[in-house]
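**Q** Mind having a look at this structure? Questions to follow.
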Amino acid sequence: MTSNLKINTETLEKFDSLKILIKKLGKVAVAFSGGVDSTFLLKAAIEALGSDNVIAITVTAPYIPNWEVEESKKYTEELKVKHEFIKIKIDENIKYNPENRCYLCKKNIFRSILEKARDLGYESVVDGTNFDDLGDYRPGLIALKELEV
C-alpha cells in the first residue's frame with residue numbers, strides 16, 4: 001500500500017527520540033489494548049529493539065469487549081510480535097463504583113501486567129499514555145506513576 005502522507009521533520013525527530021528512549025530500556029513489555037496509542041508504541045518498540053525483545057500484554061476482563069481483544073490479536077499477528085493475555089477479575093472495591101474507581105482499576109490492571117512481564121523476563125513496562133492525556137483528569141495516571149510504568 002502506497003501512502004501520500006507526508007510526515008514533517010519534527011514528527012520524525014520525535015519518533016526517533018521515542019525509539020532512543022525505548023532502546024535504553026532493553027527488553028520491554030507493552031501494555032497493549034490494540035488501540036491507536038498502544039499500537040503506535042508497540043510498533044516503535046519493535047523498530048527500536050526488534051521483535052525478539054518486545055512483548056505485548058493484553059488484559060481480558062468482563063468489562064473489556066471481546067472485539068477489542070480480537071483486534072489486539074490481529075495487530076500482534078501482523079507485527080509478528082509475542083503476545084500474552086492476562087485474565088483479571090473485577091476488583092471488589094470497584095464493584096461499588098467509588099470515586100477513585102479509575103485509579104483502583106488502573107492499578108489492578110497494571111499490577112497484573114507488571115507481574116506477568118517480570119515473570120517473563122521483561123523488567124520494563126510501557127503504556128500508550130500521551131501528552132494530551134496529561135491535561136485531562138485521569139486518576140489512573142497516579143496509579144501508573146506509583147507503579148513506575
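**Q** In segment 53-90, which residue that is out of contact with any helix residue (DSSP H, G or I) (no Cβ under 8 Å at 6 or more places or on another chain) and among the β-branched types (Val, Ile, Thr) is nearest to Ala117 (Cα to Cα)?
**A** Result: Val69.
**Q** Taking Pro98, is it surrounded by fewer than 14 Cβ atoms within 10 Å (Cβ to Cβ), out of contact with any Ser or Thr (no Cβ under 7 Å at 6 or more places or on another chain), modelled with pLDDT of 90 or more and more than 26 Å from Leu18 (Cα to Cα)?
**A** No: the conditions fail for Pro98.
**Q** So, one more: For segment 105-130, which positions are without any contact (Cβ under 8 Å) to a residue 24 or more places away in the chain and either aliphatic (A, V, I, L, M) or closer than 22 Å to Leu21 by Cβ (or both)?
**A** Answer for segment 105-130, where residues must be without any contact (Cβ under 8 Å) to a residue 24 or more places away in the chain and either aliphatic (A, V, I, L, M) or closer than 22 Å to Leu21 by Cβ (or both): just Arg118.
**Q** State whether one or more residues within segment 29-39 are surrounded by fewer than 17 Cβ atoms within 10 Å (Cβ to Cβ), modelled with pLDDT under 95 and in a helix (DSSP H, G or I).
**A** The answer is yes, given that some residue of segment 29-39 is surrounded by fewer than 17 Cβ atoms within 10 Å (Cβ to Cβ), modelled with pLDDT under 95 and in a helix (DSSP H, G or I).
**Q** Quick one: is Ile20 surrounded by fewer than 17 Cβ atoms within 10 Å (Cβ to Cβ), at pLDDT 95 or above and among the β-branched types (Val, Ile, Thr)?
**A** It is true that Ile20 is surrounded by fewer than 17 Cβ atoms within 10 Å (Cβ to Cβ), at pLDDT 95 or above and among the β-branched types (Val, Ile, Thr).
**Q** Shifting gears a bit: Of the residues Ala143, Ala117, which single one is at pLDDT below 80 and either in contact with a Ser or Thr (Cβ under 8 Å, 6 or more places away or on another chain) or surrounded by 18 or more Cβ atoms within 10 Å (Cβ to Cβ) (or both)?
**A** Ala143
**Q** Let me ask you something else. Determine, yes or no, whether Ile86 is outside any helix (DSSP H, G or I), surrounded by 10 or more Cβ atoms within 10 Å (Cβ to Cβ) and in contact (Cβ under 8 Å) with a residue 60 or more places away in the chain.
**A** Spelling it out, it is not the case that Ile86 is outside any helix (DSSP H, G or I), surrounded by 10 or more Cβ atoms within 10 Å (Cβ to Cβ) and in contact (Cβ under 8 Å) with a residue 60 or more places away in the chain.
The values are calculated or read from the model by the stated rules, or taken from the named source; none is laboratory data. Values in this document were obtained by computation on a predicted structure and should not be read as measured data. With ideal geometry, Cβ positions are generated from the backbone for all residues, glycine too; neighbour counts draw on all protein chains shown.
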